[in-house]
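Trainee: A single structure is presented below for examination.
We did not get these values from a lab; they are worked out from the coordinates using the rules stated. Given the structure is predicted, the values throughout are model-derived calculations rather than measurements. Here the Cβ positions follow ideal geometry from the backbone for every residue, glycine too, while neighbour counts run over all protein chains shown.
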Amino acid sequence: MPENVPIYQQITAYIKETIEKGIYQKGNIIPSEQELCNQFDTSRMTVRRAINDLVNDGTLYRIQGRGTFVSHFVFRKYLEVLGFSYHMRTLGFQPSSKILSFEIQKPEKNIAEELKILPSDNVFYLSRVRMADLEPIAIENVFLPEKRFPGLDKYSLEENSLYDTLRTYYKTEIFLRHEKINAIVAEGTDANILFSKNKGVVMHTWGVDFDTNMNPIAYADSLYHGTKYTFDIVIK
């Protein structure tokens, strides 16, 4: 690398190269700030800037009191309504799903209100574990009005995209999603699915999908693995 390249960029390039070569693999801890200071003969501020850049782009993540680790995947949930399967394929991963539940039920009051249907109306409840190269990334729970999508449960949604199914068989395009996000601690079954342990930090999202006529067509409540998914947001 040319000598005129700033040291913090040399550090980021070095860390990325070691990850690409498999010296540091997903989930591995990287050298401490002090070790990198000694290796590059530079200040802690410079090292911290390099690490912050890699944390911000999703390459690394921090655990307070333990250190900085290599991210499992660098996924970005873009603010485009294209679906999980589409994004995984564009990133070079093979998407798949495991269906936990796919049934007809009565909606809870808040879900009926969001979908602008009656509590007495039926909805399809679809709960899936979403995976990339067979690694669990998210648990998605989706509610869709049965009247709008009759017979939806006859289609295989274990391998196929829900959005593609709605587009192909119901001539429905997702135009807009109003979604909210917060960070929570998942426990019990959800944590065991995503982390293979009793607890884990997840990004909790919930919101409504609208068609091109701004009619609500789906309500989703999902959990995304806290270190395997990045929400990439542009504000203008």
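Trainee: Between beta-carbons, use under 14 Å as the cut-off and find the net charge around residue 139, counting Lys and Arg +1, Asp and Glu -1. It would help to have the intermediate numbers written out before the result.
Mentor: Details: positive: 98, 128, 130, 228; negative: 135, 140, 187, 190, 221.
Its environment carries a net charge of -1.
Trainee: OK, next. Tell me, what is the percent relative contact order of the chain, built from C-alpha pairs under 8 Å that lie six or more residues apart? Each step should come with its number before you reach the end.
Mentor: Working: 408 pairs, mean separation 40.5, N = 236.
That works out to 17 percent.
Trainee: Follow-up question, since we're still on this one. Divide by every residue of the chain the summed helix terms, -39500 (n - 2.57) for each DSSP H run of at least 4, and state the resulting mean residue ellipticity at 222 nm, rounded to the nearest 500 deg cm²/dmol.
Mentor: -8000 deg cm²/dmol
Trainee: Let's see if you can work this out: charge +1 on each Lys and Arg Cβ, -1 on each Asp and Glu Cβ, no other charges. What is the dipole magnitude of the chain about its Cα centre, in debye to the nearest 20?
Mentor: Numbers: 28 positive and 30 negative charges, 42 e Å.
Computed charge dipole of the chain: roughly 200 debye.
Trainee: Which FRET efficiency value, to the nearest 0.05, is calculated for residue 56 and residue 158 with the Förster distance at 35 angstrom and r the Cβ-Cβ distance?
Mentor: The calculated FRET efficiency here is 0.50.
Trainee: Still on this structure: Restricting to DSSP loop positions (anything but H, G, I, E, B) with no more than 14 other Cβ atoms inside 10 Å of their own Cβ, which trypsin sites (Lys or Arg not before Pro) remain in the stretch 130-180?
Mentor: Values: sites: 130, 147, 148, 154, 167, 171, 177, 180; in loops: 147, 148, 171.
Sparse-neighbourhood loop trypsin sites (Lys or Arg not before Pro): 147, 171.
Trainee: When a/c is below 1.5 the answer is rounded, else prolate if a/b is larger than b/c, else oblate, so apply that to the chain with a ≥ b ≥ c taken from the square roots of the Cα gyration tensor eigenvalues.
Mentor: Note, shape of the chain comes out prolate.
Trainee: If R0 is 35 Å, what FRET efficiency do you get for residue 89 and residue 5 from their C-beta distance, rounded to 0.05? If you can, show how the numbers build up before the last one.
Mentor: Values: r = 34 Å, r/R0 = 0.98.
That pair, residue 89 with residue 5, gives E of 0.55.
Trainee: Continuing with the same structure: Within 10 Å of each candidate Cβ there may be at most 13 other Cβ atoms; applying that plus a DSSP loop requirement, which GluC sites (Glu not before Pro) in the stretch 129-166 survive?
Mentor: For GluC sites (Glu not before Pro) across the stretch 129-166 that sit outside H, G, I, E and B with at most 13 neighbouring Cβ atoms in 10 Å, the list reads 158, 159.
Trainee: Would you please name the trypsin sites (Lys or Arg not before Pro) within the stretch 1-44 that are DSSP coil residues with at most 12 other C-beta atoms within 10 Å of their C-beta?
Mentor: Details: sites: 16, 21, 26, 44; in loops: 21, 26.
Those that pass, being in a loop and sparsely packed, are 21.
Trainee: Fewest first, what order do 20, 135 take by the number of other Cβ atoms within 10 Å?
Mentor: Fewest to most other Cβ atoms nearby, the residues stand as 20, 135.
Trainee: What net charge is computed for the residues neighbouring residue 125, neighbours being all others with C-beta under 12 Å from the C-beta of residue 125, Lys and Arg scored +1, Asp and Glu -1?
Mentor: Working: positive: 106, 128; negative: 103, 108, 140, 146, 153, 221.
Charge balance near residue 125 sits at -4.
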